[in-house]
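Have a look at the structure below, then the notes.
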Amino acid sequence: MNQTTRPSIWLPTILAVLALLAAGTAIILSTQTTSKPETNIPTYPPSPTPSPVPNGAMWSIGTGGDGQNPYVEWVAVYPVSTLWNILGAPSLRFTDHAPDTPDNVRSFEIGFYKYGPTWYTENHIVEFWLGDGSGGILSVMGNEDGGAEFQVRNPSDTGSISLSYMNPSHPVIGVDHPDNPLYLRAEKGLVSESKHTFQQGITVPTQSGYAGQITDGDWTDGSLVVETTAIAAESLVLITPISEPEGRWWVGDLVPGESFTVHSTADDENMAFNWLIVN
């Protein structure tokens with residue numbers, strides 16, 4: 001046998017041995033993997049899973065929803081708003097589950113309605129706590145030096161009382177209703193530091209019951225009864241004659257909630273007059 005044929009004899013043998021070794025190694029590894037105790041398998045942090053959101057919110061933070069306790073929502077983002085139930089008008093909602101009165105569950109929402117952004121709550125009061133003990137200032141300002149206006153709307157949303165400072169030289173407190181006057185009320189009266197508080201005087205409508213005019217009164221034996229529910233025992237009644245009296249006259253017989261009487265020394269009195277009640 002010459003040397004050139006020897007490699008062809010040993011090569012198949014070497015390859016066969018390597019194949020057997022590889023197969024044995026695979027069998028051993030397979031056996032070890034399947035028989036490896038469960039406790040030796042490495043553990044990893046569980047993937048975060050969202051809490052169940054049963055209310056249709058896009059994002060929600062709450063407690064419960066674990067199969068035993070119902071889901072209770074604290075804060076959530078919804079695709080619609082309570083006052084504008086149209087997809088694309090989102091709202092951020094807060095629910096108070098710890099009110100002072102346990103049966104009164106309170107909520108607060110920042111969202112939209114027909115005319116723009118809005119705050120919404122069914123609670124009867126919303127308070128702003130401002131300052132550090134030296135007082136707080138709630139300021140409203142318009143963009144681009146536009147000034148600002150603050151409104152309080154009436155129940156039918158058809159009118160308002162406004163505090164407007166859009167005109168830098170003409171600040172206004174007013175009512176936009178064509179008939180209703182603006183009432184200013186203070187328990188101890190009104191005090192102004194300016195003599196120009198009332199630019200065009202004070203208008204007292206006759207339908208209020210505090211003012212009126214008698215032009216063809218039903219005088220009887222020198223007396224005329226003026227009926228008005230606005231009269232009180234301590235009322236001050238002011239009379240301004242608009243025709244010449246027949247005699248000397250005075251005001252008396254104030255009946256609270258009913259009437260007052262104008263008297264005259266002349267039995268044939270027919271004086272016309274304006275009257276005003278100041279309480």
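Since every read-out is calculated from the coordinates, none of them should be taken as a lab result. Model, not experiment: these values are computed from the prediction. Every residue, glycine as well, gets a Cβ built from its backbone with ideal geometry; the counts of neighbours run over all protein chains shown.
Evaluate the charge dipole of the range 206-278 about its Cα centre and quote only its size in Debye, nearest 20, assuming +1 on the Cβ of each Lys and Arg and -1 on the Cβ of each Asp and Glu.
Numbers: 1 positive and 12 negative charges, 71 e Å.
So the dipole magnitude of the range 206-278 works out to roughly 340 debye.
Translational diffusion coefficient of the range 206-278 at 4 °C, 1.567 mPa s, Stokes-Einstein with Kirkwood Rh over Cα pairs, in µm²/s as a whole number.
In µm²/s, the coefficient rounds to 107.
Which of rounded, prolate, oblate describes the range 143-192, given a ≥ b ≥ c as roots of the alpha-carbon gyration tensor eigenvalues and a/c under 1.5 marking rounded, otherwise prolate only if a/b is larger than b/c?
On the way: a/c = 2.34, a/b = 1.25, b/c = 1.86.
Oblate.
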| field | Surrounding net charge for S235, when Lys and Arg each add one and Asp and Glu each subtract one, Cβ distance under 13 Å | value | -3
| R0 of 22 Å, Cβ-Cβ distance H124-F150: FRET efficiency to nearest 0.05 | 0.65
| Taking the simple approach of a point 7 Å from Cα along Cα-to-Cβ for both V105 and S223, what is their distance in nm? | 6.6
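Can you tell me the length gained on complete extension of the stretch T95 to D253, counting 0.36 nm per residue apart and subtracting the Cα distance? Could you put the intermediate results ahead of the total?
Working: separation 158, 0.36 × 158 = 56.88 nm, distance 5.95 nm.
Residue separation times 0.36 nm, minus the Cα-Cα distance, leaves 50.9 nm.
Evaluate E = 1/(1 + (r/R0)^6) for I242 and S164, where r is the Cβ-Cβ distance and R0 equals 41 Å; express this FRET efficiency to the nearest 0.05. Could the numbers behind the result be given before it?
Values: r = 38 Å, r/R0 = 0.92.
Plugging the Cβ-Cβ distance into 1/(1 + (r/R0)^6) gives 0.60.
Round to the nearest 0.05 the FRET efficiency obtained for E234 and Q213 when R0 = 25 Å and r is the Cβ-Cβ distance. Can you show the working numbers first?
Numbers: r = 24 Å, r/R0 = 0.95.
That gives a FRET efficiency of 0.60.
How much net charge surrounds S259 when only other residues with a Cβ under 10 Å from its Cβ are counted (Lys, Arg +1; Asp, Glu -1)? Numbers along the way, then the final one.
Details: positive: none; negative: E227, D253, E258.
Surrounding charge for S259 is -3.
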| query | Taking the Cα centre of the range 143-192 as the origin and placing charges on Cβ (Lys, Arg +1; Asp, Glu -1), which of S160, A186, I173 is farthest toward the positive end of the dipole? | reply | A186
| field | Total formal charge among the other residues, if their Cβ is under 14 angstrom from that of F94, Lys/Arg +1 and Asp/Glu -1 | value | -2
| query | What are the radius of gyration and Dmax of the range 122-279, computed over its Cα atoms and given in Å? | reply | 22.8, 71
| Which trypsin sites (Lys or Arg not before Pro) from the range 122-214 combine a DSSP loop assignment with at most 10 other Cβ atoms within 10 Å? | R185, K188, K195
| Column: log10 I(q)/I(0), Debye, Cα scatterers of the range 147-226, q = 0.15, 0.17, 0.24 Å⁻¹ | -0.78, -0.92, -1.34
| note | log10 I(q)/I(0) for the range 59-120, Debye formula on C-alpha points only (no solvent), q = 0.28 Å⁻¹, two decimals, reads -1.08
